[in-house]
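Data block below; observations after.
Coordinate-derived values only; no laboratory data. Owing to the predicted nature of the structure, the values given are computational and were not obtained by experimental measurement. Please note: Cβ atoms are built from the backbone with ideal geometry, for glycine as well, and neighbour counts cover all protein chains shown.
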Amino acid sequence: MTDPGHDAPILNVVGEHVALGPMDRRYIPTYTRWINDPGTLRTLDLITMPMPEEREIEWYDRVIHDGNRHFTIFSLPEMTPIGNGELREIDHLHRSCTIGMLIGEPSARGKGYGTEATRLLLDVAFTALGMHSVWLAVYSYNLAGIRAYEKAGFRHAGRRRQSRQLNGEMHDILIMDIVRDEFVSPVLGKHFRPDQPR
């Protein structure tokens, strides 16, 4: 007997319009398409094109074992992969980490998915992993990303001036952060709590 949900993606955190699930080998062609899109690359820390699928497979095989938390972002209710999110540099002693997120599917940009995906990633960081501080770096020309992070609760913490080159011009790198008491869990707080007496 076959499992009717066998082909459905696994979901870890389900929000209103997006959900987070594990990285999945079957989406490598989709990840490869995203990482070859100049619209995606302009907001990342590296220029990878051309990125053949073989190199994306090598990247996938490396990151699923690197100790960080890597997710596929899905749009709901279609369950279509639209991006990736990750929690990196996880420091359990000082309870801090960094966050990264991209909406790789061009048709999914500008719809608020990035803000909600960021909130879900923060829910994993604060509620599931017990982090106290989460920070990120974003380029000053990435206005959509900055808006998404601000709406998710991040505050501006500093900047590295003229530290990012884009098309021959230098731009600042903004540092943003959020701490635990500035965040309200949208999903996992309902699950990660002690049982109540009946």
Worksheet, complete the sentence: From fewest to most C-beta neighbours within 10 Å, the residues 177, 123, 61 line up as 61, 177, 123
Worksheet entry | Read-out Rg and Dmax of the Cα atoms in Å, derived from the coordinates shown; its label in (1) 18.3, 59; (2) 19.1, 59; (3) 17.3, 65 | (3)
Worksheet item: Which helices count as membrane-span-like in the chain under these terms: full DSSP H, at least 27 Å along the axis by C-alpha, Kyte-Doolittle mean of 0.5 or more?
Response: none
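Residue 11 to residue 94: extension gain in nm, 0.36 nm per residue of separation minus the Cα-Cα distance? Walk me through the numbers before you get to the answer.
Details: separation 83, 0.36 × 83 = 29.88 nm, distance 2.85 nm.
Here the answer is 27.0 nm.
Nearest 500 deg cm²/dmol is fine: what mean residue ellipticity at 222 nm does the chain get from its DSSP H runs of n ≥ 4 alone, each adding -39,500 (n - 2.57), divided by its residue count? Kindly include the intermediate steps, with their values, before the conclusion.
Values: 5 runs with 44 residues, N = 198.
Computed mean residue ellipticity for the chain: -6000 deg cm²/dmol.
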Worksheet item: For labels at residue 143 and residue 109 in the simple 7 Å Cα→Cβ model, what's the distance in nm?
Response: 1.3 nm
Fill in: Exposure proxy ranking, count of Cβ atoms within 10 Å, fewest first, for 171, 17
17, 171
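Which FRET efficiency value, to the nearest 0.05, is calculated for residue 156 and residue 68 with the Förster distance at 41 angstrom and r the Cβ-Cβ distance? Intermediate values should be presented prior to the final figure.
Working: r = 25 Å, r/R0 = 0.60.
For R0 = 41 Å, the calculated efficiency reads 0.95.
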Fill in: Interchain or long-range residues, amide H under 5 Å from residue 15's placed H
20
